[in-house]
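Take a look at the structure below.
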Amino acid sequence: MNEKIQALKQSFQQELENAKSSEAVEKLRVAYLGKKGAVTELLKELKDVAGEQKKEMGQHINQLKRQVEEKIAEQVEKIRAEEEEAQIAAAEQYDVTLPVSEEVGSYHPITLVQRELEEIFASMGFTIEDFKEIVTDYECFEAVNIPKDHPARDMQDTYYLENGQLLKTHTSAAQNAIMRKYGAPLRAIFPGRCFRNEATDACHENTFFQMEGIMIDKNISISNLIYFMKTMLSQVFQRDINVRLRPGFFPFVEPGFEMDISCLICGGEGCPSCKNSGWLELCPCGMIHPNVLKAGGIDPEEYTGFAFGLGLTRLVMMKYGVKDIRDLNSGNLKALSQFTHE
Ligand code: DAH
């Protein structure tokens with residue numbers, strides 16, 4: 001039996017040296033340690049060995065078993081390291097003769113329009129503010145005069161986190177923080193991504209962009225609002241744009257309006273795009289509600305202001321003639337590049 005053990009030791013050593021892949025090592029393991037493996041068989045034969053010798057042989061076989069186990073584990077580890085190194089080496093090799101891709105990236109149409117608007121407003125003395133996407137219930141609703149049980153909340157269902165915070169439904173959620181940060185007088189715009197629990201179709205998305213603006217000072221009136229909006233829109237569309245105001249209800253403004261612009265397609269004559277009215281709905285706005293000013297730490301007796309919530313995604317759709325809002329979020333370069341290669 002002793003000879004058998006020695007012979008196994010030797011054959012194992014040789015086979016191990018030849019086992020250069022993980023599969024080969026696994027085969028070897030089964031051949032020696034598996035249910036019908038050579039070492040296992042040897043242990044079974046032990047029952048036929050007599051007395052004292054049995055104990056000694058048992059020790060030898062167990063020693064062999066441990067050695068085989070250890071050496072196999074070592075070999076597995078060695079092969080794994082080698083394979084990893086080979087992978088890294090392969091990744092580092094690149095072919096300098098490959099031709100450079102002709103395709104260069106371009107800005108998303110929303111980014112382009114956002115930057116254009118930022119430049120226009122900056123030239124009129126507005127600060128550009130960034131704001132987070134996860135906000136508190138207070139920031140999104142309470143601070144802009146939408147208390148807990150207000151029906152206006154029904155129109156702005158969104159995604160709630162377990163900690164009670166939520167994905168902002170409108171850029172108005174930043175109003176309070178910005179008023180507190182700067183106090184009055186104040187001119188700021190704050191573009192941002194907004195979210196709503198919406199079923200999507202060609203005109204609705206659960207993720208879209210708005211650009212909010214506020215101007216607060218002594219004696220600010222609706223005329224100031226109209227002037228700024230007209231100037232901004234005429235610059236965006238590179239032509240004189242007529243606007244009109246219709247009453248609209250938003251809890252954070254009083255009075256509130258819907259601002260329409262003269263139809264870009266027919267110039268106001270009436271066409272299918274504007275449902276023959278000559279007007280397109282573009283930007284809700286109004287005079288900031290005293291409660292909102294108060295919540296922002298600004299005295300409504302001393303200051304007044306206007307606010308607007310421009311649908312940035314909507315504006316982009318109008319400017320570039322995008323028919324389906326989902327194209328803008330698709331990440332489909334073919335669809336997006338047609339708007340940016342001017
Ligand atoms: N936050 C409103 C919405 O998303 C839009 C809005 C309306 C913003 C009127 C304003 C405003 O600043 O004055 O539906």
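The values are calculated or read from the model by the stated rules, or taken from the named source; none is laboratory data. Predicted, not measured: the structure shown is a model, and the values here were computed from it. Cβ atoms come from the backbone with ideal geometry, glycine included; neighbour counts cover every protein chain shown. Side chains are part of the model used for accessible areas, which takes the heavy atoms of the whole protein and leaves out ligands, DNA and RNA. Shrake-Rupley method; radii C 1.70, N 1.55, O 1.52, S 1.80 Å.
Looking only at residues in segment 1-24 that are outside any helix (DSSP H, G or I) and of a type outside the set (D, E, K, R), the one that is surrounded by the fewest Cβ atoms within 10 Å (Cβ to Cβ) is 21.
With the structure loaded, tell me whether residue 157 is within 14 Å of the ligand (Cβ to nearest atom) and either surrounded by 10 or more Cβ atoms within 10 Å (Cβ to Cβ) or more than 23 Å from the chain's Cα centre (by Cα) (or both) or whether it fails that test. Considered against the rule, which asks whether it is within 14 Å of the ligand (Cβ to nearest atom) and either surrounded by 10 or more Cβ atoms within 10 Å (Cβ to Cβ) or more than 23 Å from the chain's Cα centre (by Cα) (or both), residue 157 comes out as yes. Within segment 186-201, the set of residues being of a type in the set (Val, Ile, Thr) and either surrounded by 16 or more Cβ atoms within 10 Å (Cβ to Cβ) or within 14 Å of the ligand (Cβ to nearest atom) (or both) comprises just one member, 189.
Among the conditions (1) loosely packed, with under 14 Cβ neighbours inside 10 Å; (2) more than 16 Å from the ligand (Cβ to nearest atom), the only one that residue 274 does not satisfy is (1).
In contact with a Ser or Thr (Cβ under 6 Å, 6 or more places away or on another chain) and open to solvent by less than 60 Å² (accessible area, probe 1.4 Å), is that true of residue 79? Yes; evaluated as a whole, the condition is true for this residue. Of all residues in segment 160-179 being part of a loop (DSSP other than H, G, I, E, B), under 19 Å from the mean Cα position of the chain (by Cα) and away from the ligand (no atom under 12 Å from the Cβ), which is surrounded by the fewest Cβ atoms within 10 Å (Cβ to Cβ)? Per the criteria, the residue is 162. For the residues 158, 200, the requirement of being in contact with a Leu (Cβ under 8 Å, 6 or more places away or on another chain) and touching a residue at least 24 places away in the same chain (Cβ under 8 Å) singles out 158. Residues of segment 258-271 that are more than 16 Å from the ligand (Cβ to nearest atom) and open to solvent by less than 50 Å² (accessible area, probe 1.4 Å): 262, 263, 264, 266, 268, 270, 271. Check whether at least one residue in segment 143-159 is at pLDDT 95 or above, of a type outside the set (Asp, Glu) and at positive phi, and report yes or no. Yes.
Based on what the data block shows, is residue 71 under 23 Å from residue 20 (Cβ atoms) and either assigned by TED's automatic domain parsing to the domain that holds residue 10 or surrounded by fewer than 10 Cβ atoms within 10 Å (Cβ to Cβ) (or both)?
Numbers: under 23 Å from residue 20 (Cβ atoms): yes; either assigned by TED's automatic domain parsing to the domain that holds residue 10 or surrounded by fewer than 10 Cβ atoms within 10 Å (Cβ to Cβ) (or both): yes.
Taking the combined requirement at face value, the residue satisfies it.
The sole residue among 281, 301 that is within 14 Å of the ligand (Cβ to nearest atom), open to solvent by 40 Å² or more (accessible area, probe 1.4 Å) and farther than 17 Å from residue 174 by Cβ is 281.
Residues that are more than 30 Å from residue 333 (Cβ to Cβ) number at least 3 in the following helices (runs of 4 or more DSSP H) confined to segment 36-123: 38-45, 51-92. Screening segment 202-218 for residues that are modelled with pLDDT under 95 and open to solvent by 70 Å² or more (accessible area, probe 1.4 Å) and picking the one that is nearest to the ligand (Cβ to nearest atom) gives 204. Being surrounded by fewer than 16 Cβ atoms within 10 Å (Cβ to Cβ) and either within 22 Å of the chain's Cα centre (by Cα) or under 16 Å from residue 204 (Cβ atoms) (or both) is the filter here, so list the residues in segment 312-325 that pass it. Across segment 312-325, the qualifying residues are 323, 324. Taking segment 113-127 as the range and being surrounded by 17 or more Cβ atoms within 10 Å (Cβ to Cβ) and either closer than 29 Å to residue 166 by Cβ or not assigned by TED's automatic domain parsing to the domain that holds residue 309 (or both) as the test, the residues that pass are 113, 114, 117, 121, 126.
Of the residues 110, 61, the single one that is within 30 Å of residue 323 (Cβ to Cβ), of a type outside the set (Gly, Ala, Ser), surrounded by 12 or more Cβ atoms within 10 Å (Cβ to Cβ) and at pLDDT below 95 is 110.
Within segment 244-257, identify whether any single residue is away from the ligand (no atom under 11 Å from the Cβ), in contact (Cβ under 8 Å) with a residue 24 or more places away in the chain and surrounded by fewer than 17 Cβ atoms within 10 Å (Cβ to Cβ), and answer yes or no. Yes - at least one qualifying residue is present in segment 244-257.
The residue that is farthest from the chain's Cα centre (by Cα), among those in segment 180-220 that are among the polar types (S, T, N, Q) and in a loop (DSSP other than H, G, I, E, B), is 219.
In segment 229-236 there is no residue matching the filter, namely being outside any helix (DSSP H, G or I) and assigned by TED's automatic domain parsing to the domain that holds residue 126.
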